[in-house]
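**Q** Sharing a structure below in structure tokens format, with a few things to ask.
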Amino acid sequence: MSHHTTPPPMPEYTPPPTPGYLPPQPPQPQQKKINAILIAAGAAVVGAVLGAVVTAGLGGDDKAEAAPTVTVTETVPAETGDTVSDTASDEATEEPAEDSGDDSYTFDDTIVYDNDIEISLAKFSRAVSSDYASPENTPYAKFTIKIVNNSGKKFDAGQMTVNCAYGDEGKEGEAIYDDGLDGLPDTSVLAGRSLSVAWGCELPKGETFLQVEVAPDYESETSIFTGDVKN
């Protein structure tokens, strides 16, 4: 039997550190990870705050612009409506005065146009058209249109226009074509000369008011003669 024993292993010897020397610190990934998370979270918060501010600013601008638009839209039509209504009312009041004033004349008046052509009406009477007239067997008013040419040059009487209306409702009176009523002449009126044209307009027996509209040519204004023709 052997009495030899193995001594236990000696612990590993580590020499003491040199004064002033510090061993390197191991990496700390967890702390960096936490810092990265905090930075990202802070950026997200800042972005959210900025986004809220921008959104609030835009919303405020939109709201500030929308309110005046609605107000203007509601206010302008009311003001415009009143203005248009007042204008229309004024025009409606003034137009009849113009129509019944400067351009309305009696059967005794003589009209001098800008081209120095004078027109007057005379010799009103009543008659009934013949069986061969157009229109036939129709009561009408007969009168004479006198043209005086003071323009200094010849005047084409065929350019003259004549229209009639009768009664309070202003019904159109047809021109009568019968013996002695041939319509407008195909002649010229020399300077300083005059021409008389016989004319007939439909006028029922129960009506007395007659309106005769005459213009010497297509460029001149129409003159309106009005009066009563006795039965």
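None of the figures in this text is laboratory data; all of them are computed from the coordinates on show. Computed from a predicted structure; not experimentally measured. Every residue, glycine as well, gets a Cβ built from its backbone with ideal geometry; the counts of neighbours run over all protein chains shown.
**Q** Taking the residues in the range 103-124 that are free of Cβ contacts under 8 Å to residues at least 60 places away in the same chain and among the small types (Gly, Ala, Ser) as candidates, determine which candidate is farthest from Thr161 (Cα to Cα).
**A** Looking at residues that are free of Cβ contacts under 8 Å to residues at least 60 places away in the same chain and among the small types (Gly, Ala, Ser), I get Ala122.
**Q** Right, next: Report those strands (runs of 3 or more DSSP E) wholly inside the range 155-231 carrying at least 3 residues which are under 25 Å from Asn115 (Cβ atoms). Full working, then the answer.
**A** On the way: elements: 161-166, 171-173, 194-202, 209-215, 223-228.
Of the strands (runs of 3 or more DSSP E) lying wholly inside the range 155-231, those with at least 3 residues that are under 25 Å from Asn115 (Cβ atoms) span 161-166, 194-202, 209-215, 223-228.
**Q** Of the residues in the range 173-194, how many are among the hydrophobic types (A, V, I, L, M, F, W, C), closer than 26 Å to Val128 by Cα and touching a helix residue (DSSP H, G or I) at 6+ places or on another chain (Cβ under 6 Å)? If you could, list the steps in order and put the result at the bottom.
**A** So the first thing to find is which residues in the range 173-194 are among the hydrophobic types (A, V, I, L, M, F, W, C), and the list is 175-176, 181, 184, 189-191.
Within this subset, residues satisfying the condition of being closer than 26 Å to Val128 by Cα are 175-176, 181, 184.
Checking the rest, the ones that are also touching a helix residue (DSSP H, G or I) at 6+ places or on another chain (Cβ under 6 Å) come to 184.
Of the residues in the range 173-194, 1 are among the hydrophobic types (A, V, I, L, M, F, W, C), closer than 26 Å to Val128 by Cα and touching a helix residue (DSSP H, G or I) at 6+ places or on another chain (Cβ under 6 Å).
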